[in-house]
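Report on the following structure.
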Amino acid sequence: MYHRIMYDRQVPVGSYWEASAGGPVAGCDSLEGDVTADVAIIGAGYTGLSAAYHLASVDQLDVRVLEAGAPGWGASGRNGGHCCFGGAGLEPHEIKKRFGEQVAKANIATQRESIELVDELATTHGFEIDKHGSGELCFAHKPAAMTHLRDEAAMWKALGGFDCELMSAQAFKERGFDGPNIHGGMLFPFGFGLHPMKYARSLAGLALSAGAVVHSQSEVKSWSREQGVHRLHTDRGSVRARKVLIATNGFTLDDLHPALSGTLLPGISQVVATRELTEDELAAHNWQTEHPLYDTRALFSYLQLTPHRRLVLGGGGGMSGSPRSSRFWERVLRRRIATVFPEWNNVEVTHSWRGFFCLTRDRLTHIGEIDNDPGVFYSLAYHGNGVAMATWSGRAVAGMISGRSNARIPDSMRQPLQRFAVPALRKSDVYWRYGKRLVADFFQ
């Protein structure tokens, strides 16, 4: 679907997170020979590693994780570092319209739990993940955007039962940062920033310490069934297991399993990081916050200032995945920095990278078991906000696999996967979704 370089595990990602996370996780050797397990997990991102940890530690099951690259090689090690609400591509009021108010409220409660779970894991197990901030700051890029934020705050109060703090332009500039075209903002009370690769590697270490086995450089090349047992084949070995979890999200290939073919739509996000900013440079924009941030643009940007004072900013990444496209979208993000932070226009960008997020036709996160292939489970599609939800979903699907009830999964997450009407043309859906946003933003 995209340029082959997007799937090449031998090409360095080039991210700031990869460069600053320290050494790789020890003990994740590639699979050699034929082994058996209770559960085989495909994918060592947040979903797969969370599931592996909970299956091994709570359920005492023999777990093998097969990862085509290294733990955190995919989106889990490349994202913008926002541990925040998200998962579905629908707003709560849209979930309410489709599934009813109770499901919408349950979905919101699950999102709160997901953030709490990441915080609990990090605190309990001493993860060093550069956690910072308490909430997310949104800034309005035009006056009309404040109307949207006021409506959003009312929605969260009605369905979530909590308050979001609305800020005037002056208040935002005093508590967030100062810059042109800031017309107010909103402080969302949940979430925090983190170093996503450090978190992914910490989860991998936790899973290993619980007894799970994680295999790097062990891409599943074929899948067979032998007397009711699944056998996953890699280049140099295989895993036989009665239960399998697919946790590959945006890097899922259509030929991995027939039930998933044509159901997932990867999108590309580009991210850049600057050099460390000086105190004078921060003062030039009156930078005051530790919260991660995002804006109200149709093609919005998400950003954070790391504890080491680097600006990390991400946004759209195009539709081809080619190196040329990556260079173009890097320039777009450089211009966005110049627009939002004109005093930092000449600050060096030291790292630029991209990765996949995962969309679905119905814009929902999906957790379940494949109907016509018992023992095959999946947890997929976080729509660009998976740090917290993928961790929670990994724990939730672990409970489904073991038969242990560990979470009430909202009905909106238990829906069957839907194939796109014309899978070969599904990328056009991205143009449609973002085109609608641009038109709405233009007339706002």
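Among residues of the stretch 411-434 that are buried (at least 17 other Cβ atoms within 10 Å of the Cβ), those with a Cβ under 6 angstrom from a residue that is polar (S, T, N, Q) and in a loop (DSSP other than H, G, I, E, B), sequence gap 6+ or separate chain, pair up as Met413/Thr365; Leu417/Thr263. For the stretch 359-376, state whether one or more residues are assigned to a helix (DSSP H, G or I) and of a type in the set (Lys, Arg). Checked the stretch 359-376: no residue is assigned to a helix (DSSP H, G or I) and of a type in the set (Lys, Arg).
The requirement of being of a type in the set (Ser, Thr, Tyr), outside any strand (DSSP E or B), in contact with a Leu (Cβ under 8 Å, 6 or more places away or on another chain) and surrounded by 24 or more Cβ atoms within 10 Å (Cβ to Cβ) is fulfilled nowhere in the stretch 189-199; no residue meets it. Each residue in the stretch 205-241 was checked for being β-branched (Val, Ile, Thr) and within 16 Å of Asp29 (Cβ to Cβ), and 4 pass.
Considered as a group, the residues in the stretch 16-57 that are among the charged types (D, E, K, R) and not in a helix (DSSP H, G or I) include one that is farthest from Asn79 (Cα to Cα), and that residue is Asp34.
Remark: Val244 falls outside the filter, which requires a residue to be part of a strand (DSSP E or B) and either more than 25 Å from Leu31 (Cβ to Cβ) or in contact with a Cys (Cβ under 6 Å, 6 or more places away or on another chain) (or both). If you go through the stretch 23-50 and pick out every residue that is modelled with pLDDT of 95 or more and either touching a Lys or Arg at 6+ places or on another chain (Cβ under 8 Å) or among the hydrophobic types (A, V, I, L, M, F, W, C) (or both), you end up with 19.
If we scan the stretch 13-21, do we find a residue that is more than 21 Å from Val272 (Cα to Cα) and of a type outside the set (S, T, N, Q)? No, the stretch 13-21 has no match at all.
Per-residue answers, yes or no, for (1) touching a helix residue (DSSP H, G or I) at 6+ places or on another chain (Cβ under 6 Å); (2) free of Cβ contacts under 8 Å to residues at least 60 places away in the same chain; (3) surrounded by fewer than 21 Cβ atoms within 10 Å (Cβ to Cβ); (4) on the phi > 0 side of the Ramachandran plot:
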{"residue": "Lys157", "(1), (2), (3), (4)": "no, yes, yes, no"}
{"residue": "Glu165", "(1), (2), (3), (4)": "no, yes, yes, no"}
{"residue": "Gln170", "(1), (2), (3), (4)": "no, yes, yes, no"}
{"residue": "Ala210", "(1), (2), (3), (4)": "yes, no, yes, no"}
{"residue": "His233", "(1), (2), (3), (4)": "no, yes, yes, no"}
{"residue": "Val244", "(1), (2), (3), (4)": "no, no, no, no"}
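Within the stretch 248-264, residues that are on the phi > 0 side of the Ramachandran plot and at pLDDT 95 or above reach partners that are assigned to a loop (DSSP other than H, G, I, E, B) and surrounded by 17 or more Cβ atoms within 10 Å (Cβ to Cβ) with beta carbons closer than 9 Å, at six or more positions or on different chains, in the pairs Asn249/Gly43; Asn249/Gly45; Asn249/Gly74; Asn249/Ala381; Asn249/Tyr382; Asn249/Gly386; Gly262/Phe420; Gly262/Arg426. Within this structure, Glu136 passes the test of being surrounded by 22 or more Cβ atoms within 10 Å (Cβ to Cβ), on the phi < 0 side of the Ramachandran plot and acidic (Asp, Glu).
For the stretch 128-151, the tally of residues that are under 12 Å from Leu187 (Cα atoms) and without any contact (Cβ under 8 Å) to a residue 40 or more places away in the chain stands at 1.
When Glu116, Glu128 are checked against the criterion of being surrounded by fewer than 24 Cβ atoms within 10 Å (Cβ to Cβ), under 24 Å from Asn249 (Cβ atoms) and of a type in the set (Asp, Glu), Glu116 stands alone in meeting it. Of all residues in the stretch 388-409, those satisfying the criterion of being over 14 Å from Leu49 (Cα atoms) and either within 19 Å of the chain's Cα centre (by Cα) or among the hydrophobic types (A, V, I, L, M, F, W, C) (or both) are Met400, Ile401, Ala407, Ile409.
Would you mind finding the one in Glu226, Glu219 that is under 30 Å from Gly33 (Cβ atoms), acidic (Asp, Glu) and over 22 Å from the mean Cα position of the chain (by Cα)? Going through Glu226, Glu219 in turn, the sole match is Glu226. From the list Val65, Val58, Val39, the one residue that fits, being surrounded by fewer than 16 Cβ atoms within 10 Å (Cβ to Cβ), of a type in the set (A, V, I, L, M, F, W, C) and more than 30 Å from Leu305 (Cα to Cα), is Val58. Of the set (1) acidic (Asp, Glu); (2) assigned to a helix (DSSP H, G or I); (3) touching a residue at least 24 places away in the same chain (Cβ under 8 Å), all apply to Asp280 but (3). With respect to being within 30 Å of Tyr16 (Cβ to Cβ), surrounded by 14 or more Cβ atoms within 10 Å (Cβ to Cβ), modelled with pLDDT of 95 or more and among the charged types (D, E, K, R), Arg361 falls outside the description. Would you confirm, using the coordinates I've provided, whether His93 is closer than 24 Å to Glu113 by Cβ and either surrounded by fewer than 20 Cβ atoms within 10 Å (Cβ to Cβ) or among the basic types (Lys, Arg) (or both)? Yes. Counting residues in the stretch 26-40 that are closer than 19 Å to Gly386 by Cβ, touching a residue at least 12 places away in the same chain (Cβ under 8 Å) and of a type in the set (Gly, Ala, Ser) gives zero. Of the residues examined, Leu203 is not one that is crowded, with 19+ Cβ neighbours inside 10 Å and either assigned to a loop (DSSP other than H, G, I, E, B) or touching a strand residue (DSSP E or B) at 6+ places or on another chain (Cβ under 7 Å) (or both). Within the stretch 304-344, the residues that satisfy the criterion of being in a strand (DSSP E or B) and closer than 17 Å to Pro180 by Cβ are Leu311, Leu313.
Could we say that Leu149 is surrounded by 18 or more Cβ atoms within 10 Å (Cβ to Cβ), in a helix (DSSP H, G or I) and in contact with a strand residue (DSSP E or B) (Cβ under 6 Å, 6 or more places away or on another chain) here? Answer is yes for this residue.
The values are calculated or read from the model by the stated rules, or taken from the named source; none is laboratory data. This is a predicted model, so every value here is computed, not measured. Here Cβ is always computed from backbone atoms with ideal geometry, including for glycine, and neighbour counts include all displayed protein chains.
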